[in-house]
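Worksheet for the structure shown next.
The values are calculated or read from the model by the stated rules, or taken from the named source; none is laboratory data. Worth saying up front: this structure is predicted, and the values here are computed from it rather than measured. Positions of Cβ are backbone-derived with ideal geometry, glycine not excepted, and every protein chain shown enters the neighbour counts. Note: accessible area is taken over every heavy atom of the protein model, side chains too, but ligands, DNA and RNA are not part of it. Shrake-Rupley method; radii C 1.70, N 1.55, O 1.52, S 1.80 Å.
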Amino acid sequence: MVKVHIETYGCTLNQADSDIMHAILRTSHEMAPSNAHADVVVINTCTVKGATENKIFERIRKLETGNRKLVIAGCLAANIPKIRKYCPRAPIVTPSSLMHISEAVDDALAGRPMLYSAPESKEGLPRILTAPICRIPINDGCVSSCHFCQTRLARPFLRSYTPKTVVKWMNDAVLGGAREIQLTSQDSGAYGLDIKTNLLTLLDAIANDDSSGRVEGADYLVRLGMINPEHAKRMLPGILDALRGPRFYKFLHVPVQTGSEKVCREMNRDHTVRDFYDIVGAVRGAFPEASIATDIIVGYPTETEEDFEETLELVRRSKPEVVNVSKFSPRPGTAAKGLKEIPNLIVKRRSEVASALTKEITKERRMRYVGRRLRVLVSEKEKDFKGRAVNYHQVVVKGFSGKLGDFVDVDIYDANLGSLFGRAVE
Ligand code: SF4
C-alpha cells in the first residue's frame, strides 16, 4: 500500500483541511507517521506571510532534492507559477478541491503535474475528529477584500457548512472524546451568507442542540473562531447572548489590524477602528473577565509614525489578552503589493515596540488571576498537564491526577507571558 504523510502549515482552518485529507486518504493509502516513511508527502501550505512562504519553499526544495514525491495543497495554490518553478512535477490541490487528494497522490507517483482547482463543496467529506481538542470548520472563504491579503485568492469562494453538518461533526467529536471544540473559519462573521443562514443561527443550534446525536452529560466547551469587526458589530447582542451560555468559552478573536482609521480605510477593511473599540467595550461590559484576541499589522506601506502611535494607543486602551503582531509583507496578487514599502529597519523597530507593549499588557492581564481559583478544562499533556480556563487563558496544572478532557478547579499561584500556573484542587 502506498504510504502518505501530510505536513501541515498555518491556521486552524488549514489544519482542519488536513483532517479531511487524512480521512479521505486513509481509506486507500497507509498514513505514514513521518516523511521518512512516506512514498508521497502532501504539503498543506500557508501563504499568510512572506516569511512563512519562504520557509515552505525551502522545505519543498529540500524534499524535492531528496526525490520525494510531493503533492502541494493549501493556500500557496494562490501562486501556481512559483510552485511550478520549485516543483514542476507536483500535483496541486487547492483548498476547495480536497476531494481529489487521492487522485493527486496517484498523479504524484506517476509524475503527472495535475491541477485540481474546481470549487466543489466539502459538505459530505469525511474528516478525522481528534480529541480532546477537535477543529470543526464552519466555512471557507470570506466576503472581504483586504488589500494585504493573499488568503482570499487561495480561498476565493465563501462555502459554509450547514448548521446540521457542523452540529453533527461536533456531536461525533464529543462522542469520540472531544471536550474542546474549535470552530474555525477565515471569518466566522461571513458564515452562512452563501446558504441563507448566519452565525447566530449556528451558535443557537450549538447552544440548544437537542439532536439525537447529542451526548448526554458530556461537558464540553466551544471556542468561536476569528470574526471580523464589521460582522461582530452587526451581530453583537446575539454573540454576547451565545457567550453567556455554558457551552462557549468567554473568548472573542476580532482582528483589527491597525489603530488608525486612515490605514484601516487604505487596507480596504470593511470596518472602522471605532467599531473595534465598541465591540471591546460591549464584551468587557458583559464579561469583565472575557479574553479578547486581536491581530495587528505594523509597517503597512501607508502607515505613518502617527498612524503607528494610534495602533499602540489602541492596544493600551483596549488591553487585549492576546495580540498577534505581524510585520507587513507584500503578497503576490494583492493590491498592497504595488505600494512603496516602508524601509525594513523602521518596520522592524515598530514590530519590536508593538511586541514589547503587547507582552507587557498580556502579562498584566494574566497577573490578575494569581490567588484565584479557576475551573479548567485539561486538554494537553507535555511535561505538565495544560488546559484552558473558561475565558480561554492557558493554565499549566500541577498535581493533577485525572485524564485529558476532565474539568478541574485550579488554584492559580503564578503567571507569565505564555500561561497561568496553578495547583489542581482534588
Ligand atoms: S477577511 Fe480580509 S484578511 Fe481575512 S481572509 Fe478575508 S480578505 Fe483575508
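Computed values, structure above
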read-out: The lone exception for Lys383 - which of (1) more than 17 Å from Ile181 (Cα to Cα); (2) part of a strand (DSSP E or B) it fails; value: (2)
read-out: Filter result (surrounded by fewer than 16 Cβ atoms within 10 Å (Cβ to Cβ) and in contact with a helix residue (DSSP H, G or I) (Cβ under 7 Å, 6 or more places away or on another chain)) within region 245-267; value: Gly245, Glu261, Lys262
read-out: Extreme residue, farthest from Asn228 (Cα to Cα), among residues of region 186-216 that are within 16 Å of the ligand (Cβ to nearest atom) and open to solvent by less than 50 Å² (accessible area, probe 1.4 Å); value: Gly192
read-out: Residues (under 24 Å from Val222 (Cβ atoms) and among the aromatic types (Phe, Trp, Tyr)) located in region 382-426; value: Phe385, Tyr392, Phe400, Phe407
read-out: Candidates Val283, Val254 - the one that is within 13 Å of the ligand (Cβ to nearest atom), closer than 18 Å to Leu224 by Cβ and assigned by TED's automatic domain parsing to the domain that holds Leu224; value: Val254
read-out: Hits in region 386-426 - residues which are assigned to a strand (DSSP E or B) and within 23 Å of the chain's Cα centre (by Cα); value: Lys386, Gly387, Arg388, Ala389, Gln394, Val395, Val396, Leu420
read-out: Entirely in region 1-95, the strands (runs of 3 or more DSSP E) that have 3 or more residues that are closer than 27 Å to Ala336 by Cβ; value: 40-45, 69-74
read-out: Filter pass, Ala73 being surrounded by 23 or more Cβ atoms within 10 Å (Cβ to Cβ), among the aliphatic types (A, V, I, L, M) and either modelled with pLDDT under 95 or not assigned by TED's automatic domain parsing to the domain that holds Asn139 (or both); value: yes
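Residues are listed down the side, and each one gets a yes or a no for (1) small (Gly, Ala, Ser); (2) within 9 Å of the ligand (Cβ to nearest atom); (3) in the same structural domain as Ala23 (by TED's automatic domain parsing):
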position	(1), (2), (3)
Ser145	yes, yes, no
Ala154	yes, no, no
Ser160	yes, no, no
Asn171	no, no, no
Val174	no, no, no
Glu180	no, no, no
Thr184	no, no, no
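Residue-wise test of (1) within 22 Å of Asp241 (Cα to Cα); (2) charged (D, E, K, R); (3) part of a strand (DSSP E or B).
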| residue | (1), (2), (3) |
| --- | --- |
| Val167 | yes, no, no |
| Asp172 | no, yes, no |
| Lys196 | yes, yes, no |
| Ile206 | yes, no, no |
| Ser211 | yes, no, no |
| Arg214 | yes, yes, no |
